[in-house]
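K.L.:
Quick one: structure below, then a few questions.
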Amino acid sequence: MKKSDFNYDLPADLIAQQPLAERGASRMLQLDKHHGSWQDAWFSGFIDLLKPEDLLVFNDTKVIPARLYAQKTSGGKVEMLIERVVDNRQAWAHIKASKAPKADAELILSNGQTCRVLGREHDLFLVEFPAQQSLLSLLAEIGHIPLPPYITRADTAADLERYQTVFAKNAGAVAAPTAGLHFDQALLDELDRRGIGKSYVTLHVGSGTFQPVRVENLAEHIMHQEFFQVSAATVAAVRQTRARGGRVVAIGTTAVRALESAAAGGELEAGFGDTRLFITPGYQFKVVDALLTNFHLPESTLLMLISAFAGYEPVMAAYRHAIAQRYRFFSYGDAMAIF
């Protein structure tokens, strides 16, 4: 398939710029992957699609305040987006400036402290931050929530809470696992009350999730790299779910990529590392039986993953329906449940 096969026209006013007042108040398009049929619903009914034998797998990554504003010693403005934290002082970052800084260049942060550019690999710069405090502590002090590029407003204090899942635990993501944003604590408690299993993986979502596919031939696309971890407890939960005839329900495409990356050898195994798994139509899923997701950008790798899971024609037809019915799209938008 070609990149252009995954293009569609989206009115700009359907891109959600703000979250709804309540996490669970969104609409939900329910897609039957076997028949290609869909049904308009509300996310509040998602729990009724589940059975006690099922297992929900969430991505517990935590979004860090990864956007920093600084200036060069010459006075030029700089915007920095942390892509990956290396340790307490160093990180790989995207740097936006009138002219790319060179190695050993110093940048003055908004709190007056300075950081130093150590070098560059492709689009990323290795930056060393002050030793006075840990990097995560510094980001918490002066960093901004890195809202996606299609949200055309500045971040606010409300985004600190709402562009974060209520179960976020392991800091390291620069984009939210957006399907998880629909869940509030009351719903998680209701899952427990009904005896529906929950388990967690970690995949630190990188800014590459928003980068366009630049080649028409998908076989030539180089997938961005993201860190993932799947625990022995999650592997055991998946096996127990299989044994009792339940379904593994991934909450978001990032949970899918973590699980399927951990099953690259044929069987799901505990482990961690970096993944470049690129899922396109024709991929044989090894772990995931059902999926909750949001609506994804045209020509994006995430739309390709969804099409691999539920079928190209059913997904593109469902997207056309969602646009006609004025669903809200992308990170703060509505949901799609694929069973």
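Just so you know, all these numbers are worked out from the coordinates, no wet-lab data involved. Everything numeric here is computed off the predicted structure, so don't read it as measured data. Note that we place each Cβ from the backbone using ideal geometry, even for glycine, and neighbour counts take in every protein chain shown.
K.L.:
From the phi angles alone, apply the Karplus equation (6.51, -1.76, 1.60; θ = phi - 60°) to segment 10-22 and give each ³J(HN,Hα) in whole Hz, x where the residue is Gly or Pro.
P.N.:
10, x, 4, 6, 8, 7, 5, 9, 9, x, 5, 4, 10
K.L.:
Residues in segment 46-65 near a label at ARG193, defined as backbone nitrogen under 16 Å from the 7 Å Cα→Cβ point?
P.N.:
46-50, 52, by backbone N distance to the label point.
K.L.:
While we're here: Can you classify segment 253-292 as rounded, prolate or oblate using the Cα gyration tensor, where a ≥ b ≥ c are the square roots of its eigenvalues, rounded means a/c under 1.5, and otherwise it's prolate if a/b beats b/c and oblate if not?
P.N.:
Note, shape of segment 253-292 comes out rounded.
K.L.:
In whole Hz and in residue order, list the ³J(HN,Hα) couplings for segment 110-115 that follow from phi through the Karplus curve 6.51 cos²θ - 1.76 cosθ + 1.60, θ = phi - 60°; x for Gly and Pro.
P.N.:
With coefficients 6.51, -1.76 and 1.60, one gets 5, 9, x, 6, 10, 10 Hz.
K.L.:
Compute the relative contact order of segment 226-339 as a whole-number percentage, counting only Cα pairs closer than 8 Å that sit 6 or more residues apart in sequence.
P.N.:
Value for segment 226-339: 28 percent.
K.L.:
Where nothing but the Cβ of Lys and Arg (+1) and of Asp and Glu (-1) is charged, how large is the charge dipole of the chain around its Cα centre, in debye to the nearest 20?
P.N.:
Magnitude of the dipole: close to 240 debye.
K.L.:
State the antiparallel share, in %, of DSSP beta bridges confined to the chain, rounding to the nearest 5.
P.N.:
70 percent
K.L.:
Assuming a ≥ b ≥ c are the square roots of the Cα gyration tensor eigenvalues, decide whether segment 183-339 counts as rounded (a/c under 1.5), prolate (otherwise, with a/b larger than b/c) or oblate.
P.N.:
Oblate, since a/c reaches 1.5 and b/c is not below a/b.
K.L.:
If you don't mind, another one. With runs of 4+ DSSP H residues as the only contributors, calculate the mean residue ellipticity of the chain at 222 nm using -39,500 (n - 2.57) per run, divided by the residue total and rounded to the nearest 500.
P.N.:
Estimated from H runs of four or more residues: -6000 deg cm²/dmol.
K.L.:
Kindly express, to the nearest 10 degrees and within the range 0 to 90, the angle between helix 301-310's C-alpha long axis and the longest C-alpha principal axis of the chain.
P.N.:
The angle comes out at about 10 degrees.
K.L.:
Quick one: net charge around VAL174, please, counting Lys, Arg +1 and Asp, Glu -1 for every other residue with C-beta under 12 Å from its C-beta.
P.N.:
Around VAL174, the surrounding residues sum to +1.
K.L.:
Please name which of GLN225, TYR327, MET1 has its Cα lying farthest along the dipole of the chain towards the positive end, using unit charges on Cβ (Lys, Arg +1; Asp, Glu -1) and the Cα centre as origin.
P.N.:
GLN225
K.L.:
Which Cα, out of ALA290, LEU135, SER199, lies furthest along the positive dipole direction of the chain (beta carbon charges, K/R +1, D/E -1)?
P.N.:
The Cα lying farthest towards the positive end belongs to LEU135.
K.L.:
Also, I was wondering about something else. Rank the residues TYR200, TYR283 as a footprinting-exposure proxy: fewest other Cβ atoms within 10 Å of their Cβ go first.
P.N.:
TYR283, TYR200
K.L.:
If amide H atoms are built 1.01 Å from N in the plane of the peptide, which residues on other chains or at least 5 residues away come under 5 Å of the amide H of ARG27?
P.N.:
Answer set, sorted by chain and number: PHE43, ALA335.
K.L.:
Using +1 at the Cβ of each Lys and Arg and -1 at the Cβ of each Asp and Glu in segment 74-220, identify which of PHE210, ASN111, ALA176 lies farthest towards the dipole's positive end.
P.N.:
ASN111
K.L.:
Each residue of segment 71-78 in order: what ³J(HN,Hα) in whole Hz does its phi give by Karplus 6.51 cos²θ - 1.76 cosθ + 1.60, θ = phi - 60°, with x for Gly and Pro?
P.N.:
Here the 3J(HN,Hα) series is 8, 6, 5, 7, x, x, 6, 9 Hz.
K.L.:
Right, here's the next one. Ordered by packing density, taken as the mean number of other Cβ atoms within 10 Å over each peptide's residues, highest first, how do 222-228, 7-13 rank?
P.N.:
Top of the packing list down: 222-228, 7-13.
K.L.:
Further, regarding this structure: Might you report the magnitude of the Cβ-based charge dipole of segment 187-284 about its Cα centre, with Lys and Arg at +1 and Asp and Glu at -1, to the nearest 20 debye?
P.N.:
The calculated dipole for segment 187-284 is roughly 380 debye.
K.L.:
Same structure, new question: Under the rule a/c < 1.5 gives rounded, and otherwise a/b versus b/c splits prolate from oblate, where does the chain land using the Cα gyration tensor?
P.N.:
Prolate.
K.L.:
Return LYS102, LYS286 ranked ascending by Cβ neighbour count within 10 Å, so the fewest neighbours appear first.
P.N.:
Exposure proxy ranking, most exposed first: LYS102, LYS286.
K.L.:
What whole-number distance in Å separates the alpha-carbon centres of segment 261-306 and segment 21-63?
P.N.:
Result: 18 Å between the Cα centres.
K.L.:
Report, in degrees rounded to the nearest 10, the 0 to 90 angle that the Cα long axis of helix 312-324 makes with the longest principal axis of the chain.
P.N.:
Once rounded, the angle reads 80 degrees.
K.L.:
Which order do SER231, SER199 fall in if you start with the one that has the fewest other Cβ atoms within 10 Å?
P.N.:
SER231, SER199
K.L.:
Return one number: the angle in degrees, 0 to 90 and rounded to the nearest 10, between the long axis of the Cα atoms of helix 253-262 and the longest principal axis of the Cα atoms of the chain.
P.N.:
Long axis of 253-262 versus the principal axis of the chain: about 90 degrees.
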